[in-house]
Amino acid sequence: MGSQKFRTVRELQTNTTDVLGRGARIYLVENEDGKHCVLKDLWLEDGRRTEMEIYNLIVGAIERELPHLS
């Protein structure tokens with residue numbers, strides 16, 4: 001995103017239990033050209049795995065345990 005600026009149109013979803021754990025907020029935003037985009041704001045506790053790390057673990061397990069599916 002760099003130096004792009006966005007205006008929040010509305011919040012689409014919030015998933016959080018508290019600000020100290022894992023959480024995410026998803027917004028419908030508008031860029032400077034008027035194009036609508038979706039922006040995801042997330043935070044993790046130190047030491048927590050990211051969504052991509054968890055996804056890669058799942059895919060790796062499927063490839064190891066069920067090689068005929070990959």
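The values are calculated or read from the model by the stated rules, or taken from the named source; none is laboratory data. As the structure is a computational prediction, the values presented were derived from the model and not from experiment. Surface accessibility is based on the protein's heavy atoms, side chains included, excluding ligands, DNA and RNA. Shrake-Rupley method; radii C 1.70, N 1.55, O 1.52, S 1.80 Å.
So that you can scan it fast, the table gives a plain yes or no per residue for (1) open to solvent by 100 Å² or more (accessible area, probe 1.4 Å); (2) closer than 15 Å to GLN4 by Cα; (3) not aromatic (Phe, Trp, Tyr):
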position: ARG25; (1), (2), (3): no, no, yes
position: VAL29; (1), (2), (3): no, yes, yes
position: LEU42; (1), (2), (3): no, no, yes
position: ASP46; (1), (2), (3): yes, no, yes
position: ARG49; (1), (2), (3): yes, no, yes
position: ILE54; (1), (2), (3): no, no, yes
position: ILE62; (1), (2), (3): no, no, yes
position: LEU66; (1), (2), (3): no, no, yes
Which numbered condition LEU57 fails, given (1) part of a helix (DSSP H, G or I); (2) modelled with pLDDT under 95 = (2)
